[in-house]
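Below is one structure, written out as structure tokens; the observations come after it.
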Amino acid sequence: MPVADNSNKKAPMAIDVKTLFLVLTLVGFLLAFWVAVMAYGKPRTDPLWPWACALTCYSLADVVVSLRGGASMFAILPAVSIFYAGGIALMLVSLRRFQCAPLERWKIWVPIVLAPVLTTLALEISVAGRVYTAVLIHGTQIVFVVQALADRRYPIGGRGRWMLGGTFMVLLLMLAGRALVIGSGLLAPAVVVTDSPLQAVIFLLLIFGLLSMTLGFVYMTMERAERQSRELAMRDMLTGLANRRAITEDLEHVVARARRQGERFSLLMLDIDHFKRINDSFGHQAGDVVLRVVAEQMQLRLRAQDHIGRFGGEEFLIVLPDTDLGGAQTLAEALRAGVEAHPTPWGAHQIAATVSIGICASTGTVTDTADSLVAAADAALYRAKQNGRNRFAV
């Protein structure tokens, strides 16, 4: 009877756990290197630096495990626990620096100090005790990180936060799951890397976790840099007010909303009187200070929903949502009187300044556009100057 020849059949490809462990270690070092490259040239207080150190600590722990040789687990595992605890602690440092939040140092140092002590004591009982201790310490550290991400006093916007928080939650569930599996007897607690399908899955998840955490944190820094760049592009550096581009966009949004909802709103165009004379008499630096003082006085008298920006030179534009002509006139007089009553200190001098104001009110009709309203307010401003300055015109 012929016998089937199975010699040419390919055996299913097995995942080598030790190779995965090596890949995990190398990925950690590679990520640490590239994060350090990104942080190069930045101050040591930049949050990327401790993140690079955290990845290095994590990878060094893997190196210690792989090179243990014949060393006693009582000698090696406490050191490994210090590296792992230090890595998570440094990630918390990075996050709090990113948030510009105060750092609770006990959350950093207590886990690092307790990790080797509790690990050594747990090994006196059983290897499983060491696993439970690691789950307790590192799980608590991850909870600290998640709490920082959810801290409403120092909010973090953007998708990077969700990437980072989601990855840490998965790691927390992995730690809890490992403790449950070992407690139920489905997996024997191991001191060294062992070949098992479950161990292979754990290493694959850890590789993805390292990548996701680091990409999430780097993405957070990129999102913040993008927001800061946009703010700088929309901000007048001298006065801190919105620049012409930004205040024009604000006006267009108010016009569009007024058309949809039939709201009233008003515009004020302000100009500092005889500003060239101030520059000629006291210098351009004094003129810059006058601009800042006038801007501050106007901001003090505006509501939270009002918009103000430097329109150009010594001109300012104020957009007043849900404000009729009477309300705009009342505010214009308050602004005029406030600026007049607060001269700018400059050495031994008090530089007096006044403003002329043009007012334009709109009922949100279709024919009212941002350009036509600005033109109307500018024409009113011209009449205020023609009538003697230090006054408003409608």
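The values are calculated or read from the model by the stated rules, or taken from the named source; none is laboratory data. If you're wondering where the values come from, they're calculated on a predicted model, not measured in any experiment. Cβ: placed from backbone, ideal geometry, glycine included. Neighbour counts: every protein chain shown. The area values use the complete protein model at the heavy-atom level, side chains included, leaving out ligands, DNA and RNA. Shrake-Rupley method; radii C 1.70, N 1.55, O 1.52, S 1.80 Å.
Observations on the model:
- In the chain, the calculated helix contribution to ellipticity at 222 nm averages -22000 deg cm²/dmol per residue, counting -39,500 (n - 2.57) for every DSSP H run with n ≥ 4.
- Packing here is the average count of other Cβ atoms within 10 Å per residue, and on that basis the peptides 44-56, 379-391, highest first, run 44-56, 379-391.
- Cα shape, the range 197-322, gyration tensor, a/c 1.5 rule: oblate
- What the phi angles of the range 362-372 give under the Karplus curve with 6.51, -1.76 and 1.60, with θ = phi - 60°, is a coupling list of 10, 9, x, 6, 5, 6, 7, 10, 4, 5, 5 Hz, glycine and proline written as x.
- Dipole magnitude (debye, nearest 20) for the chain, charges at Cβ of Lys, Arg, Asp, Glu: 580 debye
- Under the combined filter of DSSP loop state and at most 15 neighbouring Cβ atoms within 10 Å, the range 103-168 retains these trypsin sites (Lys or Arg not before Pro): 152, 153.
- Mean accessible surface per residue for the chain, computed with a 1.4 Å probe while every protein chain stays in place, in Å²: 53 Å²
- Beta bridges per DSSP, both residues in the chain: antiparallel share near 90 percent.
- Largest first and in whole Å, the equivalent-ellipsoid semi-axes of the range 270-310 read 24, 9, 7, each the square root of five times a Cα gyration tensor eigenvalue.
- Mean Cα-pair separation over length for the chain, i.e. relative contact order, pairs under 8 Å, 6 or more apart, %: 13 percent
- For the range 242-341, averaging the sequence separation of C-alpha pairs within contact (under 8 Å, six or more residues apart) and dividing by the residue count gives a relative contact order of 41 percent.
- Residue ranking by accessible heavy-atom surface, 1.4 Å probe, largest first, among 335, 325 comes out as 325, 335.
- For the range 39-52, Karplus couplings with θ = phi - 60° (6.51, -1.76, 1.60), whole Hz, Gly/Pro x: 7, 4, x, 8, x, 5, 7, 5, x, 5, 5, x, 5, 4
- Think of the chain as having a plus end and a minus end, set by charges on the Cβ of Lys, Arg, Asp and Glu; of 343, 374, 305, 305 sits farthest toward the positive end of this dipole.
- Heavy-atom accessible surface of the chain: percent carbon and sulfur, 1.4 Å: 63 percent
- Debye-sum result for the chain in log10 I(q)/I(0), which assumes one identical scatterer on each alpha carbon, at q = 0.08 Å⁻¹: -0.65
- Computed FRET value (nearest 0.05) for residue 105 with residue 224, which takes r as the C-beta separation and R₀ as 22 Å: 0.35
- Principal axis box of the range 311-394, alpha-carbon based, largest edge first, Å: 53, 22, 22
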